[in-house]
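Okay, structure first, notes after.
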Amino acid sequence: MVGETGSITLPGTAALTQVGRLATLSWEVLRASFRRPFQFREWIQQCWFFASVTILPTALVAIPFGAVIALQLGSLTTQIGAQSFTGAASALAIVQQAAPLITALLVAGAGGSAVCADIGARKIREEIDAMEVLGVNPIQRIVVPRVLAAIVVSVLLNGLVTVVGVLGGYFFNVVLQGGTPGAYLASFNALAQVPDLWISEIKAFLYGFVAGVVAAARGLNPAGGPKGVGDAVNQAVVITFLLLFLINVVLTAIYLKIVPPKAL
């Protein structure tokens, strides 16, 4: 293949370049997060922005998601004669898997796309280059507050999705499927454990970090012009979704190997 500059590029070189950019930016964000001065005002503004565009959609998505899990598992447990474990199965599915993924997808789709568009617009207007000429580190000034805001909002929204999803699953199982409230709560208490909540929050933390870094990386490297910024936003969302599902598989496998299930 021949690149835009006329140089020959091998297949897979573009993918390796993107991986290198993400790894480099991740390291720069981690290093710049502990440098002074910290952009506290910018961080608060970005936290509010992320929360304002994700709280309502996240809550609205969590209700039907919890309902679907509860209805499906309720039907399955009824077929195999294990209705008493419906609460535990649905609640654990929401806490460990659904809540972090719903949170991350909305943070990446709503907040991450806006961050990518904002940074990309600054890049094509050469504001990023002007900051570097003036001796201002754009990573510390622009990227770090947005990545940290994505992390904080992801962790907080994860708790919201967990509560709303469990309550929605309880309502649909008890009201629509005729389940027993006591059995629903008792099975949840019998099988759930504190590490389930910890792995959920760890996932939300990493998902928020990945969503922020990917959005910033694509925003800092648009193809050029307004169309390039639009393409970068679409790429950021798709790349983030793929990475989130990959990270979820790895973390879930590690968690199930390290933490033993709670005995009845």
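The values are calculated or read from the model by the stated rules, or taken from the named source; none is laboratory data. Since the model is a prediction, treat every value here as computed from it, not as a measurement. For neighbour counting, all protein chains shown are included, and Cβ atoms are generated from backbone atoms with ideal geometry for every residue, glycine included. For the accessible areas, the whole protein counts, side chains as well, though only heavy atoms, and no ligand, DNA or RNA atoms are used. Shrake-Rupley method; radii C 1.70, N 1.55, O 1.52, S 1.80 Å.
Summary of values
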{"quantity": "Unique match (being over 17 Å from Ala23 (Cα atoms) and part of a helix (DSSP H, G or I)) among Val233, Val214", "calculated": "Val233"}
{"quantity": "Test set (1) at pLDDT below 85; (2) of a type in the set (D, E, K, R); (3) crowded, with 19+ Cβ neighbours inside 10 Å - Lys262 fails condition number", "calculated": "(3)"}
{"quantity": "Looking only at the stretch 88-124, and only at residues there that are over 19 Å from the mean Cα position of the chain (by Cα) and at pLDDT below 85, the one that is surrounded by the fewest Cβ atoms within 10 Å (Cβ to Cβ)", "calculated": "Ala89"}
{"quantity": "Trp43 within 16 Å of Val210 (Cα to Cα) and surrounded by fewer than 21 Cβ atoms within 10 Å (Cβ to Cβ)", "calculated": "no"}
{"quantity": "Top-ranked residue of the stretch 217-230 - restricted to ones that are of a type outside the set (S, T, N, Q) and not in a helix (DSSP H, G or I), ranked as least open to solvent (accessible area, probe 1.4 Å)", "calculated": "Pro222"}
{"quantity": "Selection count where residues are more than 16 Å from Ala215 (Cβ to Cβ) and either open to solvent by less than 90 Å² (accessible area, probe 1.4 Å) or more than 20 Å from the chain's Cα centre (by Cα) (or both), scope the stretch 20-29", "calculated": "1"}
{"quantity": "Any hit, the stretch 149-166, residues being open to solvent by less than 60 Å² (accessible area, probe 1.4 Å), within 16 Å of Ala216 (Cα to Cα), of a type outside the set (Gly, Ala, Ser) and in contact (Cβ under 8 Å) with a residue 24 or more places away in the chain", "calculated": "yes"}
